[in-house]
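Input: a single structure, listed below in structure tokens.
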């Protein structure tokens, strides 16, 4: 059956856009996380119509379909759990005509996040979500996971930056969800599609909101004698009525790893470092900078540095954005956590997370979106060491539990995928999950579109995934 | 059957909370719009559990259910088209403990919009959506219609201000959609429930986002020699990188009506008036005020007035917020339109709308959210005059068509309800409507929850409303 599906796909797309060489299948079997899957073939369509035709073919063969962008996801969202057809969307990478007044543009899901902002630069516009993977990840993946990034504190996550999406439904129809007005009439399917991790269909085009580049920007790097004084500064800044464009925290171990790697001049004597960015008119940037500096000094900051030009600003950001690369120096593998806790509980949860890492004998560093309480503890390890991955995963589970106990959430921006699917009942009741499963079923009655993801098995009395309850 | 349903309801709630006196039924048969419906009984539950019990009873009797707040809606969303049970939620008006750090609070749907912000004042917080009806309309109605208001230009409509909602589903289960974290895992049912006009269930509690009161505010009233110079100023202000907290426009006729009514000192020699508000730190408010004044002067403003204290600011806003009251002086009835057009097409669409009103012999005034292109042409008329309502409705349809032709949308913030249901195919394809109808069906398999609203009949091959295709 697989061979005849492949033959049909080759007739549709030509053989060079249907990959099923064992090497290809091995490469496509994983995303950037730790879970591996089973790919029957990976196809690379060029157009919406080809995607729809591929979906209809897969339907005929009763074969699961899994959409994939650049594969930078960490939660296994683009990994086929049951043998499935991978629809790789990197070739749908066109950028339409820019509406400079309405500030929007239609783009393909294969456009790389940073490329989009670079191409919008001449218009003085940019796409706000800026995940750490932005040099590689695609807009389609950003839409699938409702991606965040440092600048989502003030601007909101991806869902706030997608006006409309063209979607190939699980049965192969093409529909538009959302619209180009601020408040679309009818049911807002746009928001349920964004963040659904490819379980409701394949997004083949999105109308993205572009934001104006700010007239002025300042970046502050502030060193603190303790994690607590840094966390209090975060709360005090936000309580003062100021929402900085970004407000990032790194702990001492992360600062050391980063400083060894990029030499950005991060203070090595600090227990925690805050990277804050303010944007606006020159006058407001000046006054906001002074205000944040004053609050930091009230909280015993040992070092306040304001980047004076674009080169220094980029150097400071390079430190933050290279965090994951820096860790690669310490160990061959890493596991990046993603939980959210109320800002009030930051210090307490971080202490418990350090304690968990110590108990499992793991090297952990912290870099995170402090402004919105989105923690990213990062564990460096060697997967070839027997039992290492097991310890990392057991510790991960404890860290998630600690965050949820503190009133937090399962995931800030990486998604649920396979990784956290079985933890969903920790934050949702049976009735809540049933409501979500009914939506999945309404879009995907046969359960072939990225099955076994997000919602745990048995969310619905009749399990749409076709598996046993 | 109706009598035995009423008897069961009275056993459940007591007879004083089940209204079926002919006078009650007449009052509850309409909202603030022009469409009238058929109410079997209106019930006033006190708790979520009572709402769920009412829904289950209505299910037993196969009776349509229509949720209602204060009844200030204009599109007939709370009007039962087929004989139905009205669930009036004004008694679910509790306000929970305020989370001053997370800046949120659980409130009942019956809380009046302005009351919520008043009660949050001591905390220095407020609820951002501020529809013109805010003295009377309820949070539940704001959620149902995804309400806007002058301050939604910078802050977004209601969907951006609801973190989570408790929902009684059409089958009487209680579920929570959304969560208290910035990015809730799983399918984002919160956003599909917000704006669904009570067609997916009854919202019995919402976790609202509270925003900090700005440290400083300035309000500008600017008179222009033409609608065009006012509209160009709006575009120029936004193109300059500034997003004012509000940016409202009124035409000459509306200014005259308002000025006769509240004597706010609006300039009577202007062809159009802009009301702009900027918020922030004192320094940024000062510089933003100067910037807007300069742009207005470049566009030949004839009068720029900056409110110097809170009394003057409130007087200027009183003019804007009394617009609809002012019109009541001119004629006994009014019809308030609600369409959205791209900002670039504002002047052209307004000219065509004036032309349509003239052709039908209607007195029209304009007051609208200029910043986001949300037009509110307002027609004053006397419904007792034979044929008047018919002319008003024919003109309304033409105005909507003109807006859509210009690349706009059906509705900015009032909702679709009954009023615009049949116009939905103008902006959605058959496949788009089918996708929305499938979601409706997933929530409401028996089609009893606010049926005959939003989606036109025949959106689904199998029509969930139970009516013929």
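Any read-out appearing in this document is the output of simple, stated calculations on the displayed coordinates, not a laboratory observation. Note that this is a predicted model, so its numbers are computed, not measured. FYI the Cβ positions are ideal-geometry reconstructions off the backbone, even for glycines, and counts take in every protein chain you see.
Mean partner shielding of peptide B:428-436, defined as the number of other chain Cβ atoms within 10 Å of each residue Cβ, is 6. Adding -39500 (n - 2.57) for every DSSP H run of four residues or longer, then dividing by how many residues chain A holds, sets the calculated 222 nm ellipticity at -10500 deg cm²/dmol.
I'd like the projected area of segment B:2-88, averaged over all directions, using the convex hull of its alpha carbons. Report it in nm² with one decimal. Could the numbers behind the result be given before it?
Values: hull surface 20.2 nm².
The directionally averaged projection comes out at 5.0 nm².
Rounded to a whole number, what is D in µm²/s for segment A:104-173 from Stokes-Einstein with the Kirkwood radius over alpha-carbon pairs (10 °C, 1.306 mPa s)? Mind showing how you got there, number by number?
Values: Rh = 12.6 Å.
The Stokes-Einstein estimate is 126 µm²/s.
Along each principal axis, taking the top coordinate minus the bottom one, the Cα set of segment B:241-332 gives 45, 27, 20 Å in descending order. Working from Cα pairs under 8 Å separated by at least six residues, relative contact order for chain B is 14 percent. Compared with the dominant principal axis of the Cα atoms in chain B, helix B:430-443 is inclined by about 50°.
When residue B:260 is represented by a point 7 angstrom out along its Cα-to-C-beta vector, the spacings to that point in the other copies are 8.0 nm, nearest first.
What per residue convex hull volume, in Å³, comes out for segment B:102-253 when only alpha-carbon positions are used? Each step should come with its number before you reach the end.
Numbers: hull volume 22.3 nm³, N = 152.
In segment B:102-253, the Cα hull volume divided by residue count equals 147 Å³.
Between helix A:48-60 and chain A, what is the angle of the helix's C-alpha long axis to the longest principal axis, kept within 0 to 90° and rounded to the nearest 10? Between the helix axis and the principal axis of chain A, the angle is about 60 degrees.
Residue by residue through A:276-284, how many Cβ atoms from other chains fall within 10 Å of the Cβ on average?
Working: counts 0, 0, 0, 1, 7, 9, 1, 8, 8.
Mean shielding count: 4.
In the P(r) worked out for segment A:279-358, what percent of Cα pairs fall beyond 16 Å? Could you put the intermediate results ahead of the total?
Values: 2320 of 3160 pairs.
Of all Cα-Cα distances in segment A:279-358, 73 percent exceed 16 Å.
An ellipsoid equivalent to segment B:330-421, defined through the eigenvalues of its Cα gyration tensor, has semi-axes of 21, 14, 12 Å when rounded to whole angstrom and sorted largest first. A straight line joining the Cα centroids of segment B:1-63 and segment A:1-63 runs 55 Å. What is the distance in Å between the Cα centres of segment A:228-243 and segment B:94-141? So the separation of the two Cα centres works out to 24 Å. On the principal axes of its alpha-carbon atoms, segment B:300-453 has extents of 56, 41, 30 Å, going from largest to smallest. The ranking of A:372, B:155 by Cβ neighbour count inside 10 Å, starting from the fewest, reads B:155, A:372. Here is the size of chain A from its Cα atoms: Rg then Dmax, 22.4, 70 Å.
Kindly put B:324, A:428 in sequence by how many other C-beta atoms sit within 10 Å of each C-beta, fewest to most.
Numbers: B:324 17, A:428 24.
Going from sparsest to densest Cβ surroundings: B:324, A:428.
Each listed q (0.15 Å⁻¹) maps to a log10 I(q)/I(0) for segment A:151-223 from the Debye sum over equal C-alpha point scatterers, namely -0.59.
In the protein assembly as shown, what is the volume of the convex hull around the alpha carbon atoms, normalised per residue and reported in Å³?
Values: hull volume 153.7 nm³, N = 938.
That works out to 164 Å³ per residue.
Using a Debye calculation, one point per C-alpha and no hydration shell, please list log10 I(q)/I(0) for segment A:39-144 at q = 0.20 Å⁻¹ in order. Treating every Cα as an identical point scatterer, log10 I(q)/I(0) equals -1.01.
Here the residues A:40, A:404, ranked from fewest to most Cβ neighbours within 10 Å of their Cβ, fall in the order A:404, A:40.
Residue A:123 label point (Cα plus 7 Å toward Cβ) to equivalent points in the other copies: 3.9 nm, shortest first.
Just report the Cα centroid separation between segment B:284-346 and segment A:399-429, whole Å. Here the answer is 46 Å between Cα centres. In nanometers and ordered shortest first, the copy-to-copy spacing of the residue A:216 label point, defined 7 Å from Cα toward Cβ, is 1.4. Expressed as an acute angle from 0 to 90° and rounded to the nearest 10, what is the orientation of the C-alpha long axis of helix A:346-359 relative to the principal long axis of chain A? It works out to around 70 degrees. Extent of segment B:379-419 along its three principal axes (Cα atoms, max minus min coordinate, largest first): 34, 20, 16 Å. Expressed in Å, the radius of gyration and Dmax of the Cα atoms of segment B:188-234 are 19.6, 49.
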